[in-house]
1. Which residues make up the longest stretch of the chain that has no trypsin sites (Lys or Arg not before Pro) in a DSSP loop with at most 16 other Cβ atoms within 10 Å?
2. To the nearest 10 square angstrom, how much accessible area does Val54 have with a 1.4 angstrom probe?
3. Using a 1.4 angstrom probe on heavy atoms only, work out the carbon and sulfur share of the accessible area of the chain in %.
4. Once the Cβ-Cβ distance between Val5 and Leu94 is put in as r, and R0 is 30 Å, what FRET efficiency do you end up with, to the nearest 0.05?
5. Modelled label-to-label distance, Glu77 and Val38, 7 Å Cα→beta-carbon offset: nm?
6. Quick query: amide H of Leu43 versus all other amide H atoms, modeled in the peptide plane; which residues come in under 5 Å with a sequence gap of 5 or more or a different chain?
7. Could you list the GluC sites (Glu not before Pro) in region 7-94 that lie in coil according to DSSP, counting only those with at most 13 other Cβ atoms within 10 Å of their Cβ?
8. Hey, what number do you get for the chain at 222 nm if only DSSP H runs of n ≥ 4 count, each worth -39500 (n - 2.57), divided across all residues, to the nearest 500?
Amino acid sequence: DINVVLRKLVCLLKPDKEITHTGDHMVIRTITSLRDYVMDFDLGVQFEEDLGPVDGRKCQTTVSWEGDQLVCKQLGEKRNRGWRHWLEGDRLHL
């Protein structure tokens, strides 16, 4: 449900990720030439995420560890949304 032009543009981006982790608090900055996006949250605590700049929606988001993967679950008007991040060697998988 993302605008076709925006989808094509996003596929061309090569984002950088900056992840700061202090105890149960994390800040994840996604940095691109188009715009930056910052997630600031406590692990395992649901918060309202405003994804207006990304795809125009708001949702209730919870980020937690599942084994060695950082897992984001988003609840809102669109079902089955979220992401997983994990390290494999020196590579960050998104």
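The values are calculated or read from the model by the stated rules, or taken from the named source; none is laboratory data. None of these values were measured; they are calculated from a predicted model. Here the Cβ is made from the backbone with ideal geometry for all residues, glycine too, and neighbour counts use every protein chain on show. The accessibility values were calculated without ligands, DNA or RNA, using every heavy atom of the protein model including side chains. Shrake-Rupley method; radii C 1.70, N 1.55, O 1.52, S 1.80 Å.
1. Working: sites that count: Arg35, Arg57, Lys78, Arg79.
Free of exposed loop sites, the longest segment is 1-34.
2. Val54 has an accessible surface of roughly 70 Å² with all protein chains in place.
3. Of all accessible area on the chain, carbon and sulfur atoms account for 51 percent.
4. Numbers: r = 22 Å, r/R0 = 0.74.
E(calc), rounded to 0.05, equals 0.85.
5. 2.6
6. His25, Met26
7. On the way: sites: Glu18, Glu48, Glu49, Glu66, Glu77, Glu88; in loops: Glu77.
Listed in order of number, the matching sites are Glu77.
8. Computed ellipticity for the chain at 222 nm equals -3500 deg cm²/dmol.
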